[in-house]
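Below: one structure, written as structure tokens.
The values are calculated or read from the model by the stated rules, or taken from the named source; none is laboratory data. Quick caveat: nothing in here was measured; it's all calculated off a predicted structure. Note that we place each Cβ from the backbone using ideal geometry, even for glycine, and neighbour counts take in every protein chain shown.
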């Protein structure tokens, strides 16, 4: 029996490390997916990562200093080498790779609910959880999803849980301010809105 296991991360770098852990554990790239909010335009076509917006790829800077974000990111490989820009209703610009991105693009073209919702529910994620995860990306997060056999669930969860968001607690906080569910017709959040969202939860600027 196949299952889909999904986690949300506030920092893209944490999600990237989760993907690498999955690959190192032998899970195939074809069954892993990543979708990250790019409203702040920290990633550009060609794979350039410029979190500090100085025009220099952060990974090159890290390689030069032997530390910092470059050391954390390293060179793109595996699934992450296939990252590309994608527009998904309600989320705005995202960078994504893997099966979920492909399914979301198809769902969006077919007017399925939010694209990302349709992709997640097709993979067996409940409507409620799919809504929470989609909203997490809308508010600046990064989603990692894995399709695998049920017998691998415990192993995958152990690989994904490090630094992931408690989606139940986070969505409860959204609900306390009036949120009722992901709405693909709502405009994507602007960079300033995402920064305020991070401040609300005591988060630093994302580690890209």
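Couple of notes before you dig in:
- Residue tally, condition farther than 15 Å from residue 9 by Cα and without any contact (Cβ under 8 Å) to a residue 24 or more places away in the chain, over segment 153-186: 7
- Test: residue in segment 51-72 that is surrounded by fewer than 16 Cβ atoms within 10 Å (Cβ to Cβ) and either in contact with a strand residue (DSSP E or B) (Cβ under 6 Å, 6 or more places away or on another chain) or modelled with pLDDT of 85 or more (or both): no
- Filter pass, residue 148 being under 21 Å from residue 19 (Cβ atoms) and either part of a strand (DSSP E or B) or at pLDDT below 90 (or both): yes
- Top-ranked residue in segment 92-107 [being over 13 Å from residue 134 (Cα atoms) and in a helix (DSSP H, G or I); ranked as modelled with the lowest pLDDT]: 107
- Condition check for residue 192: more than 30 Å from residue 26 (Cα to Cα) and either surrounded by 11 or more Cβ atoms within 10 Å (Cβ to Cβ) or within 17 Å of the chain's Cα centre (by Cα) (or both): no
- Only residues that are surrounded by 18 or more Cβ atoms within 10 Å (Cβ to Cβ) and in contact with a strand residue (DSSP E or B) (Cβ under 7 Å, 6 or more places away or on another chain) were counted across segment 139-187, and they come to 13.
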